[in-house]
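Every number here is computed from the coordinates shown, using simple stated rules; none is lab data. Only a predicted model underlies this, so the values are computations on that prediction, with no experimental measurement involved. As a convention, Cβ positions derive from the backbone with ideal geometry for all residues, glycine included, and neighbour counts pool all protein chains shown.
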Amino acid sequence: ETGVTQSPTHLIKTRGQQVTLRCSSQSGHNTVSWYQQALGQGPQFIFQYYREEENGRGNFPPRFSGLQFPNYSSELNVNALELDDSALYLCASSSPRDGEGRETQYFGPGTRLLVL
Amino acid sequence: GESVGLHLPTLSVQEGDNSIINCAYSNSASDYFIWYKQESGKGPQFIIDIRSNMDKRQGQRVTVLLNKTVKHLSLQIAATQPGDSAVYFCAETVYNQGGKLIFGQGTELSVKP
């Protein structure tokens, strides 16, 4: 186990609704990244938060937003849900690159979102 | 554009044999690579990583090889076990690009007893 937890494990929503997904990072990690994984595909980077600030963003529309809290836990918010938002949402925690240039991201179990 | 691709979508091996999973990447600026294992219903699990200034790194039963000349990455699993059955992803990243990991589509490894 990585120590990264996510809630809820499963969620069903309808089009147009809003959803909030939560993530608790591994102890000692101050960076959280969010990914969307469609069925049969690799994870796609949504954004990363470092010390409560957005540190990078992938090709996702503004209706995907996030927060990071002082304890380094994080939320992913998705507004105006669309059918294509159905996916596994993964959270990964990490520390900034170490002296050897390594920044390993450790993933949680994910939240499976179904939009009807 | 940037992409990480896998040569084979599925791989079936006999228990006890060695497995080799391949991955191609196109961004020559990528300087850090990671292999993940994802079992059904779970998040990706870190296996092994390698920096671009290395060409080989070994872990427990796993070895990653990096060939920057042809932009190729491989994961070798020795004495493959049924518990190794999963989807394997390679991922690449570039320092100072906001922590973005670029994943390939994955290779499903099936181990026959």
Chain lengthening between B:ALA29 and B:SER110 when straightened (0.36 nm per residue, less Cα-Cα) = 25.9 nm
key: Sequence ranges A:42-54, A:11-23, ranked by mean other-Cβ count within 10 angstrom, highest first   = A:42-54, A:11-23
inquiry  = Just checking the output field for B:51-59: average partner chain Cβ neighbours within 10 Å of each residue's Cβ?
reply    = 1
query = Considering every pair of different Cα atoms, what Kirkwood radius, in Å, is found for the protein assembly as shown?
reply = 18.0
key: aspartates and glutamates whose Cα lies under 13 Å from that of B:LYS71, excluding same-chain neighbours fewer than 8 positions away   = B:GLU2, B:ASP31, B:ASP55, B:GLU92
ask   = Given the pairs B:LYS68/B:LYS100; B:LYS37/B:LYS68; B:LYS42/B:LYS112; B:LYS42/B:LYS68; B:LYS42/B:LYS100, which are separated by over 27 angstrom at their Cα positions?
value = B:LYS42/B:LYS68
query = What average number of partner chain Cβ atoms lie no more than 10 Å from the Cβ of the residues making up B:41-49?
reply = 6
key: Residue-averaged beta-carbon neighbours from other chains (10 angstrom radius) around A:30-43   = 4
ask   = For the peptides A:67-75, B:14-22, A:29-37, what is the packing order when you average, over each peptide's residues, the other Cβ atoms within 10 Å and list the highest mean first?
value = A:29-37, A:67-75, B:14-22
remark   = For the pair A:HIS10 and B:GLN14, the simple spin-label estimate (label points 7 Å beyond Cα toward Cβ) gives in nm 3.9
